[in-house]
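Report on the structure given below.
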Amino acid sequence: MDRILGLPAKYIQGVGAIDRIGQAASDLADSALVFADDFVRKSFEGRVSDSLKVSEVTHKWETFGGECCRSEIDRLAQNARKSQAKLVIALGGGKALDTGKAVAAELGCPFISVPTLASTDGPVTSIAVEYSEDHTHIGVMKFNCSPATVLVDTEVIAKAPVRFLVAGMGDALSTWIEARACRATGQSNFRGGGISDVALTLARSCHDTILEFGKDAVLAASEGSVTEAVERVVEANVFLSGVGVENTGVAGAHALDAAISRSTLDHSSQHGERVALGVLFQLALEEDHGMLESILPFFDDVDLPKHFSDIGAADPDLYMLAQLVMREGSPIRNLPFNLEEEKLLKALKTLVP
């Protein structure tokens, strides 16, 4: 199997980066469709438009409807064609950025991803999660390439509620733990190739960076400050985690996240918070007590969830969750050992205080 490594063409991160989006856009095209949800649009439309105008990029704004679903993708693609846009720019959280990937793919044009939160690793990947109009998870869309440019303004990230930064750490902590499992089983990555040593190095760097700088980043971001720790953690949450997972794979941590998302449990938790529980779940399945002992104090330091009750699920149906974890197509099968229901339930019980 060929080893395949896929990355965004350009990654830009820094204080005030959003004010330099015009240059990034003009390197790709002279006309763009720009969209964000109502809150993000009101917050950043002026700054983005001013920068695009200075760089002589004509553009049209649309308000994102809030869901990455087929009807929204089609609506935005149609509007982009009407305005003869040669570039798509999306600002916001995961659903807005995933929709941007899909719209750009429909048009066959470049995409600039502008995350306003560092809560997931989706901004850099060629993967998007598709939902129905009534917010039901449908599946994963895979595209031929990652965003042409990912532009991350760390000042914007630092001023967002710190819960989102912490959730991103939970997502990022799964990258190395799941990567090593996928490598052990010889799984292909999301690019359809073998897992390279470079991808494993990125995944491990993500893990180490979060543990080293996470606590200090939370303290700084709680005050809206951008420090070196914030810069390092944002880079890990967004870039290292994103290119790491896309070029390695997922396993037990994301299997539990998907099971919780498909269950009747409270869905107000963040993706990264659920994945953080999944990290502890996978380590329990692997019986990696050394890693568990080393990582649990960090969970306390940054207030990542350690139990179902921490995400609003005080009395979960463990048998139902076990069935969902073991559903057809679940990444739980990327773990390098056979799973028995008794072992699965034992690992889930470690998440019940």
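Compute the helix-to-body angle for 70-82: its Cα long axis versus the longest principal axis of the chain, expressed 0 to 90° and rounded to tens.
The two axes meet at around 20 degrees.
Straight-line reach from Lys159: which aspartates and glutamates have Cα under 19 Å away, leaving out those fewer than 8 places along the same chain?
Hits, sequence-local ones excluded: Asp19, Asp37, Asp38, Glu45, Asp121, Asp216, Glu223, Glu228, Glu231, Glu235, Asp303.
Accessible area per residue for the chain in Å², computed with a 1.4 Å probe and the full protein assembly in place, what is it?
Value for the chain: 41 Å² per residue.
Name the residues whose placed amide hydrogens come within less than 5 Å of the amide hydrogen of Glu62, ignoring near sequence neighbours (fewer than 5 apart) on the same chain.
Excluding prolines and chain starts, which carry no amide H, the hits are Val34, Phe35, Ala36.
Compute the distance in nm between two label points, each set 7 Å from the Cα along the Cα-to-Cβ direction, one at Val140 and one at Asp38.
With each label placed 7 Å out from Cα toward Cβ, I get 3.3 nm.
What ranking do 81-87, 124-130, 22-28 get when scored by the average of other Cβ atoms within 10 Å per residue, highest first? Before the final figure, lay out each step's value.
On the way: 81-87: 16.6, 124-130: 21.6, 22-28: 19.6.
Packing proxy ranking, top to bottom: 124-130, 22-28, 81-87.
Cβ neighbours within 10 Å, averaged per peptide: list 181-188, 37-44, 277-284 in order, most packed at the top.
Values: 181-188: 18.0, 37-44: 16.4, 277-284: 25.6.
Order by mean packing, descending: 277-284, 181-188, 37-44.
Give me the percent of accessible area attributable to carbon and sulfur for the chain, probe 1.4 angstrom.
Here carbon and sulfur together make up 49 percent of the probe-accessible area.
Add +1 for every Lys or Arg and -1 for every Asp or Glu among the other residues with Cβ under 12 Å from the Cβ of Ala96, and state the total. Please report the intermediate quantities before stating the final value.
On the way: positive: Arg41, Lys95, Lys101; negative: Asp37, Asp38, Glu62, Glu67, Glu72, Asp98.
Around Ala96, the surrounding residues sum to -3.
Could you work out how far apart the two model spin labels at Glu228 and Gln78 are, taking each label as a point 7 Å from the Cα in the direction of the beta carbon, and quote it in nm?
5.3
What ranking, highest mean first, results for peptides 105-116, 46-57, 233-244 when packing means the other Cβ atoms within 10 Å averaged over each residue? Working shown, then result.
Numbers: 105-116: 22.5, 46-57: 16.4, 233-244: 28.5.
My ranking of the peptides, most packed first, is 233-244, 105-116, 46-57.
Which of rounded, prolate, oblate describes segment 1-129, given a ≥ b ≥ c as roots of the alpha-carbon gyration tensor eigenvalues and a/c under 1.5 marking rounded, otherwise prolate only if a/b is larger than b/c? Can you show the working numbers first?
Values: a/c = 1.30, a/b = 1.15, b/c = 1.13.
Taking the square roots of the gyration eigenvalues as a ≥ b ≥ c, segment 1-129 is rounded.
With 24 Å as the limit, write out which pairs from Lys53/Lys86; Lys10/Lys95; Lys142/Lys306; Lys10/Lys142; Lys95/Lys215 have Cα-Cα distances beyond it, or answer none.
Working: Lys53/Lys86 16 Å; Lys10/Lys95 21 Å; Lys142/Lys306 31 Å; Lys10/Lys142 19 Å; Lys95/Lys215 27 Å.
Going by Cα-Cα distance, Lys142/Lys306; Lys95/Lys215 fall outside the 24 Å limit.
Check cross-link reach from Lys82 to the aspartates and glutamates: straight Cα distance under 15 Å, and skip same-chain residues fewer than eight apart.
Glu62, Asp74, Glu106
Can you tell me the FRET efficiency between Ala314 and Ser294 if r is taken as the Cβ-Cβ distance and R0 is 30 Å, rounded to the nearest 0.05?
Numbers: r = 28 Å, r/R0 = 0.92.
Computed FRET efficiency for Ala314 and Ser294: 0.60.
Take Gln323 and Glu287, extend 7 Å from each Cα along the Cα→Cβ direction, and tell me the distance between the two endpoints in nm.
Output for this residue pair reads 2.9 nm.
The values are calculated or read from the model by the stated rules, or taken from the named source; none is laboratory data. Remember, predicted model here, so these are calculated numbers, not experimental data. Neighbour counts are summed over all protein chains in view; Cβ atoms, including those assigned to glycine, are modelled from backbone coordinates with ideal geometry. All accessible areas refer to the heavy atoms of the entire protein, side chains included, with ligands and DNA or RNA removed. Shrake-Rupley method; radii C 1.70, N 1.55, O 1.52, S 1.80 Å.
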